Amino acid sequence: MNLFSYDSLFSRFLYFVADIVTLHILWLIYSIPIVTIGASTTALYYSCMKRIRTGEGYVSKNFRRSFRENFRQSTIIWMILLITVTVFICDLRIGMALDSTAGTFMLVSCSVFLIPLLLLCIYIFPVQAKFENPVFENIKNALIMSIRHFPCSLLLIAIYGTIIILSFSFPPLAGLLLCCGAGLIGYITSNIFVYIFRKYVPDELENDLEASGEHFE
């Protein structure tokens, strides 16, 4: 097979890299207003999961379509998360400043609340990208899925944690993240979400294989 033919391993790798960089750039551009970060993150996950499931390479079209269709709900979710995280940080700082029973109580409360909040932040936008439900229904489902699939949740936390730590201690990774970070992280974690979501969508695997031209056995 010719090295540069459409189906060659090398060509597929180049297409993959191009898609990852494209998604990274799109996510950055569409996130510039800040308020649109939720919609752009939802669009990022939609495009990544679509590519993983069917091999479809129209990532720009998929990104823009998802951004447009999920803008309202994703923005509401983003605002809810932003307010919740802000309140959490304020409570944590107050608890650390108070040298009393009230301070201890606030720190304990924050510790209990930390894991569900972290899991919600990780799951909510992939869930929004996948399922057409009201906002609070998707928030509830995101929390339920994160607990039900806790081993996958731990893996996701480990992936994010490793990337954050290495980005500070390993300069080449920081450079890579600047070039394609959002697309790369989105693609890596989307593989896990595709695995999880297929448990809730009957026959999706068979349909995806047919759409990609493969056969289900």
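The values are calculated or read from the model by the stated rules, or taken from the named source; none is laboratory data. As the structure is a prediction and not an experimental result, all values here were calculated from the model. Cβ placement follows ideal geometry from the backbone for every residue including glycine, while neighbour counts extend to all protein chains displayed.
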Within the range 172-180, can one find any residue that is more than 16 Å from residue 121 (Cβ to Cβ), touching a residue at least 24 places away in the same chain (Cβ under 8 Å) and either assigned to a loop (DSSP other than H, G, I, E, B) or in contact with a helix residue (DSSP H, G or I) (Cβ under 6 Å, 6 or more places away or on another chain) (or both)? yes
Check off (1) without any contact (Cβ under 8 Å) to a residue 60 or more places away in the chain; (2) under 19 Å from residue 85 (Cα atoms); (3) out of contact with any Asp or Glu (no Cβ under 9 Å at 6 or more places or on another chain); (4) not β-branched (Val, Ile, Thr) for residue 150 and give me the number that stays unchecked. (2)
List, please: which pairs have Cβ atoms under 8 Å, are six or more places apart or on different chains, and start with a residue in the range 104-116 that is of a type in the set (Val, Ile, Thr) and end with one that is part of a helix (DSSP H, G or I)? 104/95
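For every residue, the table says whether it meets (1) closer than 25 Å to residue 65 by Cβ; (2) modelled with pLDDT of 95 or more; (3) of a type outside the set (Phe, Trp, Tyr).
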site	(1), (2), (3)
92	no, no, yes
113	no, no, no
142	yes, yes, yes
156	no, yes, yes
159	no, yes, yes
Please specify each residue of the range 70-100 satisfying the condition of being more than 26 Å from residue 130 (Cβ to Cβ), among the charged types (D, E, K, R) and exposed (fewer than 14 other Cβ atoms within 10 Å of the Cβ). 93, 99
Any residue at all in the range 82-103 that is assigned to a helix (DSSP H, G or I), out of contact with any strand residue (DSSP E or B) (no Cβ under 7 Å at 6 or more places or on another chain), of a type outside the set (D, E, K, R) and under 18 Å from residue 189 (Cβ atoms)? no
Answer yes or no as to whether residue 136 is closer than 18 Å to residue 189 by Cα and among the aromatic types (Phe, Trp, Tyr). no
Hey, residue 35 hits all of (1) farther than 27 Å from residue 176 by Cβ; (2) in a helix (DSSP H, G or I) but one; which does it fall short on? (2)
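Would you call residue 28 under 16 Å from the mean Cα position of the chain (by Cα) and more than 27 Å from residue 207 (Cβ to Cβ)? First the steps, then the outcome.
Numbers: under 16 Å from the mean Cα position of the chain (by Cα): yes; more than 27 Å from residue 207 (Cβ to Cβ): yes.
So residue 28 fits the description; yes.
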Return the pairs, sorted by first residue and then second, in which the second residue is part of a helix (DSSP H, G or I) and among the basic types (Lys, Arg), the first residue lies in the range 1-22 and is modelled with pLDDT under 80, the beta carbons are less than 9 Å apart, and the residues are 6+ apart or on different chains. 6/12
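Does residue 36 fit the bill of being over 14 Å from the mean Cα position of the chain (by Cα), surrounded by fewer than 17 Cβ atoms within 10 Å (Cβ to Cβ), more than 27 Å from residue 204 (Cβ to Cβ) and not hydrophobic (A, V, I, L, M, F, W, C)? Show your work before the answer.
On the way: over 14 Å from the mean Cα position of the chain (by Cα): yes; surrounded by fewer than 17 Cβ atoms within 10 Å (Cβ to Cβ): no; more than 27 Å from residue 204 (Cβ to Cβ): yes; not hydrophobic (A, V, I, L, M, F, W, C): yes.
Spelling it out, it is not the case that residue 36 is over 14 Å from the mean Cα position of the chain (by Cα), surrounded by fewer than 17 Cβ atoms within 10 Å (Cβ to Cβ), more than 27 Å from residue 204 (Cβ to Cβ) and not hydrophobic (A, V, I, L, M, F, W, C).
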Selected residue (criterion: surrounded by the fewest Cβ atoms within 10 Å (Cβ to Cβ)) from residues of the range 116-144 that are of a type in the set (Phe, Trp, Tyr) and in a helix (DSSP H, G or I): 136
